[in-house]
Amino acid sequence: MQIRGLLAAAAAGALMLSACGGNEAADTDLAAPSAETESTLTVWLMDGSQPDSVVDAVNAEFKEKYPNVDVNVELQQWAGVQDKLTTSLNSTSTPDVVEIGNSLTAKFADAGLLSDLTDVADDLGADQWLPGLAPSGELDESRYGIPYYGGVRVVMYNKDHFKEAGVEVPTTLDELEQVAAKLAETKGGTDAGYSAFYFPGKFWYGALPFIWSEGGDIAVKDGDEWKGTLDSAESRAGLNRLKNIVDTYSTAPTDGNEVTNWEVFQEDNIGMVMDSWWAPGAVVGANEAFADKVGVFPLPGVDADKTAPAFFGGSDLAVPEKSDARGLAIEWTKILTSTEIQTQLAKEGGVIPNNEAAFVGHEGNDFLLAADEAAKVSAFTPVSPMWGNVEADAVLPDMLVKIFSGASSVEDATTEANAKVTEILNG
């Protein structure tokens, strides 16, 4: 599985698909068809989203219920997938199930290309979905996307450095700053090229938890309009805290991104760094010298009883509006998103499943269990068809670079970014 590439693309807004239709017996509603139905179901999933064993298990269970339905699962490549999906959803040969990067579900739903699944959401486990995955599939109080899986950012730390400094894993953001101060004191700090907390300037996925932990947000819906809230006192409090940490404890480039965080960590001059849930395992797998050095914890919150809300990127499953096998599509999706299959996906695929009950698939893996804890308190970006334009215009990375480089104050940078977010979301 290409897990690292998968989440990078999904969080950035690339999508994952399902295959083309060609059903002999069409059904145009969401009800479960008769077991005697003869048809063909086409599913598009992204290459690397899941191991073959998961798809095989889903198809085997589906075949027991619908022995006369042939399922074609076609794996799509990341390159050009958004354009391919747009073309397919607009055609009469649309797939019946599609996997979509969750930051783009609202865009396709707003275009009228996805079926309204509100009436079957409860049957698909809506009451069990993790808080950061659920919002992306809903637009204007209707459900179009079903959470499939995702990933969060966690704090990776050097156990040897913690031991040397005599510190423990922090349980609040205040304690995190105290731990950083002790690490810097012990290891010489930034003057010695040491990062007690390494944080590149464009790392907006990592910045959001600091904003959310203080009660801030990017934007909120006010009636039919979006109102940017980056300039709120709460959002600025989170950014001021992060700026102090970056200014005091990070040697990362203020105009850099997080792509190489896990590699830089292996240079052994970093105490703590935020990175994707897969990164700790990647470090251990790539560097034998770090086999016993890597520890992981979810970013703590303001109070010890709640971790900072983690941004939850991932993918949704959807049923195209033009599918002529929507009832069958729902039945297949129901199996893929069941706790049993989600547990298998968590165990064999190493991703975070869509519900907490499936976390048992991560038993024995401390890295993934820490990510699961972060996923329990998770959040998502504004659910708007225009959100992709906010990302494309790099509004948040540009804001952070201005703040961390000293080009703008937190107040000025958030005022500017807030105006852009509001304009784009209401465009």
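The values are calculated or read from the model by the stated rules, or taken from the named source; none is laboratory data. Values in this document were obtained by computation on a predicted structure and should not be read as measured data. Ideal geometry is used to build each Cβ from the backbone, glycine not excepted, and the neighbour counts take in all protein chains shown. What goes into the accessible areas is simple: the full protein's heavy atoms, side chains included, and nothing from ligands, DNA or RNA. Shrake-Rupley method; radii C 1.70, N 1.55, O 1.52, S 1.80 Å.
A single entry from Ala370, Ala357, Ala346, Ala407 fulfils the requirement of being out of contact with any Lys or Arg (no Cβ under 9 Å at 6 or more places or on another chain), among the aliphatic types (A, V, I, L, M) and open to solvent by 60 Å² or more (accessible area, probe 1.4 Å): Ala407. Scanning the stretch 376-427 for residues that are among the small types (Gly, Ala, Ser) and touching a Gly at 6+ places or on another chain (Cβ under 6 Å) yields Ser378, Ala379, Gly388.
Among residues of the stretch 179-192 that are free of Cβ contacts under 8 Å to residues at least 40 places away in the same chain, those with a beta-carbon under 6 Å from a residue that is open to solvent by 50 Å² or more (accessible area, probe 1.4 Å) and in a helix (DSSP H, G or I) at least six positions away or on a different chain give the pairs Thr186/Glu164.
The criterion of being within 26 Å of Lys306 (Cβ to Cβ) and among the charged types (D, E, K, R) does not hold for Asp224. Of all residues in the stretch 282-316, those satisfying the criterion of being open to solvent by 40 Å² or more (accessible area, probe 1.4 Å) and either without any contact (Cβ under 8 Å) to a residue 12 or more places away in the chain or outside any loop (DSSP other than H, G, I, E, B) (or both) are Val284, Gly285, Ala286, Glu288, Ala289, Ala291, Asp305. Against the condition more than 30 Å from Thr381 (Cβ to Cβ), modelled with pLDDT of 90 or more, open to solvent by 50 Å² or more (accessible area, probe 1.4 Å) and aliphatic (A, V, I, L, M), how does Ala31 come out, does it pass? It is true that Ala31 is more than 30 Å from Thr381 (Cβ to Cβ), modelled with pLDDT of 90 or more, open to solvent by 50 Å² or more (accessible area, probe 1.4 Å) and aliphatic (A, V, I, L, M).
Within the stretch 234-245, can you find the residues that are open to solvent by 10 Å² or more (accessible area, probe 1.4 Å) and either in contact with a helix residue (DSSP H, G or I) (Cβ under 8 Å, 6 or more places away or on another chain) or on the phi > 0 side of the Ramachandran plot (or both)? Working first, answer last.
First, pick out the residues of the stretch 234-245 that are open to solvent by 10 Å² or more (accessible area, probe 1.4 Å): 234, 236-237, 240-241, 243-244.
Result: Glu234, Arg236, Asn240, Arg241, Lys243, Asn244.
Only residues that are of a type in the set (S, T, N, Q) and within 20 Å of Val167 (Cβ to Cβ) were counted in the stretch 241-297, giving 5. Does the stretch 139-157 include one or more residues that are part of a helix (DSSP H, G or I) and touching a helix residue (DSSP H, G or I) at 6+ places or on another chain (Cβ under 8 Å)? Taking every residue of the stretch 139-157 in turn, none turns out to be part of a helix (DSSP H, G or I) and touching a helix residue (DSSP H, G or I) at 6+ places or on another chain (Cβ under 8 Å). Across the stretch 393-427, the qualifying residues are those that are of a type in the set (D, E, K, R) and part of a helix (DSSP H, G or I), and the one among them that is farthest from Lys227 (Cα to Cα) is Lys402.
Residues that are farther than 28 Å from Asp52 by Cα and open to solvent by 30 Å² or more (accessible area, probe 1.4 Å): does the stretch 71-90 have at least one? Yes: the stretch 71-90 contains one or more residues that are farther than 28 Å from Asp52 by Cα and open to solvent by 30 Å² or more (accessible area, probe 1.4 Å).
Exactly one residue out of Thr381, Thr343, Thr333 is assigned to a loop (DSSP other than H, G, I, E, B), closer than 21 Å to Tyr149 by Cα and among the hydroxyl-bearing types (Ser, Thr, Tyr), and it is Thr381.
In the stretch 99-149, what residues are open to solvent by less than 20 Å² (accessible area, probe 1.4 Å), farther than 19 Å from Ser384 by Cα and among the small types (Gly, Ala, Ser)? Once the filter is applied, which keeps residues that are open to solvent by less than 20 Å² (accessible area, probe 1.4 Å), farther than 19 Å from Ser384 by Cα and among the small types (Gly, Ala, Ser), the stretch 99-149 yields Ala121, Gly125.
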